[in-house]
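No value in this document is a laboratory result; all are computed from the given coordinates. Keep in mind it's a predicted model, so treat the numbers as computed, not measured. Cβ coordinates were reconstructed from backbone atoms using ideal geometry, including for glycine residues, and neighbour counts include every protein chain displayed.
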Amino acid sequence: MSLKDQLSQLVYSTDAGRIEPEAEEERPPRGDGVVRIRRETKGRKGKGVTTIAGIEQSEAELKQLAKALKQRCGVGGSVKDFVIEIQGDQREACKAYLEQQGFTVKLAGG
C-alpha cells in the first residue's frame, strides 16, 4: 500500500452521501491517584488561576465538579483537556473541598 493510500480518507460516496468520521471516545489520562493543585500565570497575561489535574473522571463529571468548586469559591472557571481551571488563587478552598469529597490532594508548585 502506498503512502498516498494510507493518508487518503473517503469524504463522499455516491452510495451513502457524506461520510462522517468515526467519533473516538476520549478517556481521561491515567494518573497515580493523587490530585495536584497548582497556581499558574503562564499564558494568561499575569492573571493567576488555580489548576486542578489528576482527577480520573469523564468530561461530564469534571464539569459537574468544576461547577461545584466555582460555586464554593464564588469565581469563574472552566475545564480544558481534563484539567479544571478556577480563577484566582483558590488552592486552599479547593483542597478542603476535594478532601471532603474523598480525593487525595497535594499542593504542587510554589
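Mind checking which lysines have their C-alpha under 24 Å from Lys42, skipping anything on the same chain fewer than 8 residues away?
Leaving aside lysines fewer than 8 places away in the same chain, those within reach of Lys42 are Lys63, Lys67, Lys70, Lys80, Lys95, Lys106.
Using only Cα atoms, what Kirkwood radius does the stretch 35-81 have, in angstroms?
Radius from the Kirkwood sum: 11.5 Å.
Between Glu61 and Arg30, what length comes free when the chain is fully extended (0.36 nm per residue of separation minus the Cα-Cα distance, one decimal in nm)?
Residue separation times 0.36 nm, minus the Cα-Cα distance, leaves 9.6 nm.
For the ranges 84-95, 59-70, what's the packing order if you count other beta-carbon atoms within 10 Å of each residue, average per peptide, and put the highest first?
84-95, 59-70
Report the equivalent ellipsoid semi-axes for the stretch 26-107 in whole Å, largest first, defined as the square roots of five times the eigenvalues of the gyration tensor built from alpha carbon atoms.
Sorted largest first and rounded, they come to 18, 14, 13 Å.
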